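Working notes, structure below.
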Amino acid sequence: MIIKIKLKIFYLLITVIITSTVFFSIKVHYSAPAAAVEYISENDNESTEDNEKEKKFIKWVDFNVCYTALDKALRSDIKSQKNDVKLDWIELLAYLGAKYGGNFSKYKEKHMDELIKKLNNGETIEELTEKMKYFNYYLEAYTAILDGFVGHYEIEVDNEENPEEKVWVRKYGLKAFSPIAKGYDYSHYDDFGNSRDYGYKRVHLGNDLLGQVGTPIIAVESGTVEALGWNKYGGWRIGIRSFDKKRYYYYAHLRKNFPYKKTLKEGDTVFAGDVIGYLGRTGYSTRENTNNLDIPHLHFGMQLIFDESQKESVNEIWIDVYNLVRLLRRNQSSTLKNPETKDYYRIYNIRILDE
C-alpha cells in the first residue's frame, strides 16, 4: 500500500514538472519581445570541417497586427496602384511593427497616415527605416505571413452581354480567400493560445470557425497538398504548403465519411478559392473517422517556415490568424454542388499573375 502511494506521488510530481516546463516555455515566447528578433544558427547538414556554412533564420514571430491596421494598409496599397507612388501594405505594417516593437495595441491611424504622406512626398521606405533597428526583422516576418495575399490576378466573372458565359477580368487586390465558402455562415473569436487538454495540456494554435457540418472549406492560398488523412487531435485534416514554402495552412476537424473533395490527394496543386473539403467535428480520437467534438467547426491555422528544421518539430511557429480570417471574409469563393458526385466546386476560376 505504501509503495502504491509513493508511486502515485512520484507520477504526480513528474506530471507537474512536465506541465510547468511546457507552460514556462510558452510564456517565454509570449512575454519576451527580445525572443522575436533572435536568429538561430545551425551548421548546414552538408557542410564539412573545412567548409562549414552557417544558416540564420527567424525562430519566432508573435503576430498581433490589429484588424484596423491590416484594413488600412490593404486599402492604401490597392488605392495607390493608380498613382505614381505605389504603396506596399507589408512595408507599411513592418514600419509600424518596428515603431511599436510589435505591439499593435499602440496603433493609431494617424501614424500610418503620417508614413503614407512621407512616402507620397518622395521619401523612401529605406530612408525612413534607416535607423530602425528591427525593421528588417518585421519586414521579413510579415512578408512570410502576407506575401501570398495581395497582388495582380485574373478572375472569371459573369459576362453581362451573355449570362451563360464567363469572361476573364484583370484585377489587383486580395487574391487569397476566406477558408469558408460564400453563402455559409460561421462565427469565431480570437481563441489563439487558449488551453486544450486532449492527450496532454497544450495551447490552441489556430482559429476555430464554428459552422454547419458540410460547409465547403476553401483553399486560402494556392499551393501543394502536403498532408491528407487522420490525426488523433485534428481528425480528418489537410495541410497545404504555399508555393514559396513559407506558409503551411492547416485545416482540421473535417466531416466524417466525406471529409475531402473526392479527387484530392497528397502532392496535388490547389489554387486559391478551390474547394478542398467539408466542415465537420472529427478528432480527439486514435480511432479514425470518429466524431468526438461537440461543436462542428473548422480549425484553421498557419505555420511559418523559415527553415525546414522548423517543420514538424519543437521549433514550429504558429501565428494568430484571427484578424487575417476577418480580413479574408471580404473575399469568399462562390461554390455549387455537383448532384452526381455530391462534391462542391468553385464557380469562378482564378489565374495568379507573377507581376
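None of the figures in this text is laboratory data; all of them are computed from the coordinates on show. Here the structure is a predicted model, which means the values were calculated and not measured. Positions of Cβ are generated from backbone atoms using ideal geometry, with glycine treated the same way; all protein chains shown enter the neighbour counts.
Rounded to two decimals, what is Rg over Rh for the stretch 76-138 when you use alpha-carbon atoms and the Kirkwood radius?
Details: Rg = 11.4 Å, Rh = 12.0 Å.
Across the stretch 76-138, the Cα-based Rg/Rh ratio is 0.95.
Provide the net charge surrounding ASN291, with neighbours chosen by a C-beta distance below 14 Å and charges set as Lys +1, Arg +1, Asp -1, Glu -1. Before the final figure, lay out the partial values.
On the way: positive: LYS232, ARG255, LYS256, ARG281, ARG287; negative: GLU288, ASP294.
After counting each charged neighbour, the total is +3.
All other residues with a Cβ under 13 Å from the Cβ of LYS117 taken together, and with Lys, Arg as +1 and Asp, Glu as -1, what is their net charge?
-2
Can you pull the Rg over Rh of the stretch 251-327, Cα-only, Kirkwood?
Details: Rg = 14.5 Å, Rh = 14.6 Å.
Ratio value, two decimals: 0.99.
Within the stretch 139-200, report the GluC sites (Glu not before Pro) that DSSP leaves as loop and that have at most 14 other Cβ atoms within 10 Å.
Qualifying residues, ordered by number: GLU160, GLU161, GLU164, GLU165.
Amide H of LYS175 versus every other amide H placed in the peptide plane: which residues, excluding those fewer than 5 positions away on the same chain, fall under 5 Å?
Excluding prolines and chain starts, which carry no amide H, the hits are VAL150, GLY151.
State log₁₀ I(q)/I(0) for the stretch 175-352 at q = 0.12 Å⁻¹ as given by the Debye formula over alpha-carbon point scatterers of equal weight, solvent excluded.
The computed values of log10 I(q)/I(0) come out as -0.50.
Let me see the P(r) profile for the stretch 287-353: every Cα-Cα distance counted, bins of 10 Å, each bin given as a percent of all pairs.
Computed distribution, short to long bins: 14, 24, 40, 21, 2.
Note down the net charge around GLN332, summing +1 for each Lys or Arg and -1 for each Asp or Glu among other residues with Cβ under 14 Å from its Cβ. All intermediate terms of the calculation are to be shown ahead of the outcome.
On the way: positive: LYS175, LYS182, ARG326, ARG329, ARG330, ARG346; negative: ASP185, ASP274.
Residues close to GLN332 contribute a combined charge of +4.
Restrict the search to the stretch 89-159; then list the trypsin sites (Lys or Arg not before Pro) that DSSP places in a loop and that have at most 12 other Cβ atoms within 10 Å of their Cβ.
Working: sites: LYS99, LYS106, LYS108, LYS110, LYS117, LYS118, LYS131, LYS133; in loops: LYS108, LYS131, LYS133.
Counting only loop positions with at most 12 other Cβ atoms within 10 Å, the trypsin sites (Lys or Arg not before Pro) in the stretch 89-159 are LYS108, LYS131, LYS133.
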